[in-house]
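Before any comments, here is the structure.
The values are calculated or read from the model by the stated rules, or taken from the named source; none is laboratory data. No experiment lies behind these values; they were computed from the predicted model shown. Positions of Cβ are generated from backbone atoms using ideal geometry, with glycine treated the same way; all protein chains shown enter the neighbour counts. Side chains are part of the model used for accessible areas, which takes the heavy atoms of the whole protein and leaves out ligands, DNA and RNA. Shrake-Rupley method; radii C 1.70, N 1.55, O 1.52, S 1.80 Å.
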Amino acid sequence: MVFSIVLGLGLGFPLAYALNSFFAYKYNDCGKHKGNFKHFAEKRIKYTSKKSELGIIFEESRDLGEDSNPWDGYRFH
Amino acid sequence: MICKCPNCGDAITYSIEDKSLKCSSCKSSFDSNSIITEALWSQLETMDFNIYKCSTCGAEITVNDVEAATFCGFCGQPTIIFDRVSSMAKPQKIIPFKVTKEEAEKLLSRRLKKSFYTKKSVKNIELDKVCGIYVPFWVYDIDYSSSVLLSGKFPIIIEKKLLTRYFRRRGKCSFKNVTFDASKELENHYSERLVPFNCKEMVDFDISYLSGFYADCYDEDQDTSEYSVLNMVKEAYNSKIKQSVHTAFQVKIEYDVASYKIKSAYYALLPVWFLSFSDDDINYTMMVNGQTGKVVGATPFVKSNFNKFTFLSGVAISIPLIFLINLITDYFTKFNLFILITLFSIGLIFIGKKFLNKLHESLYYTTLHKTKRFANNR
């Protein structure tokens with residue numbers, strides 16, 4: 001039983017600390033979200049290209065695999 | 001800024017509800033063209049400002065011909081002296097205030113009431129320092145393109161290491177209406193939180209919108225802000241590019257070559273309400289986006305209340321946990337259970353600390369003297 005009490009308190013207090021910190025952050029910090037990609041670019045999907053994903057028009061999208069030398073034959077544009 | 005009523009000579013201000021200039025005494029409404037004369041308007045390609053210097057704090061105050069200033073906008077002192085006349089670029093666009101002073105106060109008091117670990121006196125605090133300021137912003141339209149090499153881990157272990165796969169992405173994206181605060185007096189990390197502004201509601205600059213509000217001129221030029229804006233755009237673009245890799249985890253950018261073209265950049269005034277209050281001699285300056293009503297800033301947080309509540313909830317949570325652990329001890333060895341719970345507890349403390357650090361960072365900006373100086377005693 002002593003073992004359970006020690007572990008129960010050892011888990012209960014950190015859990016309470018994490019929960020209270022979360023609520024303090026959630027309710028005391030207002031307008032935490034900065035401007036991000038969504039605000040400036042995502043709406044572009046509607047009027048640019050159907051190929052566009054996430055607001056970015058991909059001109060090349062390739063998986064190079066596990067190539068140990070990914071630079072081989074690769075040219076940046 | 002103050003304009004005089006042609007009927008009674010009292011101050012006329014821009015009415016958010018009526019979207020016109022209104023006299024506070026005789027309640028007459030005016031079209032901006034009837035107040036701002038053709039002659040004055042034609043001079044407004046650049047605006048001539050009288051520059052005043054505060055003999056107390058040294059701040060420069062720009063006041064145009066139709067504006068009357070009786071005190072320093074930064075420290076509130078009436079001791080301002082005429083310095084020189086300067087021509088400054090007129091803002092090209094403006095978003096008029098949509099949220100009224102009363103609405104801004106209500107929005108903030110709602111947030112204060114909702115906040116945790118705050119004194120009761122703060123929850124019902126009187127907001128006597130509320131001012132609407134048109135904050136200068138640079139607004140950019142940027143075409144951004146880049147070639148990126150990404151690497152990510154694959155859940156296959158080869159020679160005791162997770163398999164690394166590589167991905168190539170070449171793409172482009174147009175960023176529209178990227179706003180960046182052009183005032184040195186306002187901390188960028190704080191003003192960044194005011195976005196998004198709905199730039200579709202942006203109109204051509206008309207000086208009548210300023211009537212009844214404060215307005216600042218930019219003091220951070222376009223070249224200086226360009227570097228920060230491009231970093232912001234790059235960060236946003238790269239975080240989205242990473243999301244395009246679905247088949248791996250721990251995706252990181254190995255190398256990227258980027259190019260950009262600034263399609264347009266213009267100077268605009270965007271509406272912000274600044275609301276100040278004091279608690280325990282600490283001044284809190286919170287902001288409300290004057291268009292969308294987004295409240296920005298951290299509400300006062302009393303550490304002793306937090307500790308008290310954490311202790312009480314800790315006891316309350318621990319009691320059922322003790323019984324739960326007592327039940328599951330038969331299924332685990334004591335050593336394994338001890339290790340498992342210790343690791344879990346360390347993780348929880350780490351998460352809690354992270355949330356509190358974020359809150360303290362926000363509190364730092366809310367109580368920053370620079371922000372207070374920007375907004376108070378106008």
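At-a-glance table
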| item | result |
| --- | --- |
| Search result, residues across segment B:199-241 that are over 19 Å from the mean Cα position of the chain (by Cα), among the aliphatic types (A, V, I, L, M) and within 13 Å of another protein chain (Cβ to nearest Cβ) | B:ILE241 |
| Residue within segment B:184-192 that is facing another protein chain (nearest Cβ under 7 Å) and within 24 Å of B:GLN92 (Cβ to Cβ) present | yes |
| Candidates B:SER362, B:SER345, B:SER318, filtered to the one that is small (Gly, Ala, Ser), buried (at least 18 other Cβ atoms within 10 Å of the Cβ) and touching a strand residue (DSSP E or B) at 6+ places or on another chain (Cβ under 9 Å) | B:SER362 |
| Within segment B:218-252, considering residues that are touching a strand residue (DSSP E or B) at 6+ places or on another chain (Cβ under 9 Å) and among the small types (Gly, Ala, Ser), the one most open to solvent (accessible area, probe 1.4 Å) | B:SER228 |
| Residues located in segment B:329-342, provided they are hydrophobic (A, V, I, L, M, F, W, C) and open to solvent by 60 Å² or more (accessible area, probe 1.4 Å) | B:PHE332, B:PHE335, B:PHE338, B:ILE339, B:LEU340 |
| Subset of segment A:17-31 [crowded, with 20+ Cβ neighbours inside 10 Å and assigned to a helix (DSSP H, G or I)] | A:TYR17, A:ALA18, A:ASN20, A:SER21, A:ALA24, A:TYR25, A:ASN28 |
| Lone qualifier among B:SER174, B:SER147, B:SER244 - being touching a His at 6+ places or on another chain (Cβ under 6 Å), over 27 Å from B:GLY297 (Cα atoms) and either free of Cβ contacts under 8 Å to residues at least 40 places away in the same chain or at the interface with chain A (Cβ under 10 Å from one of its Cβ atoms) (or both) | B:SER147 |
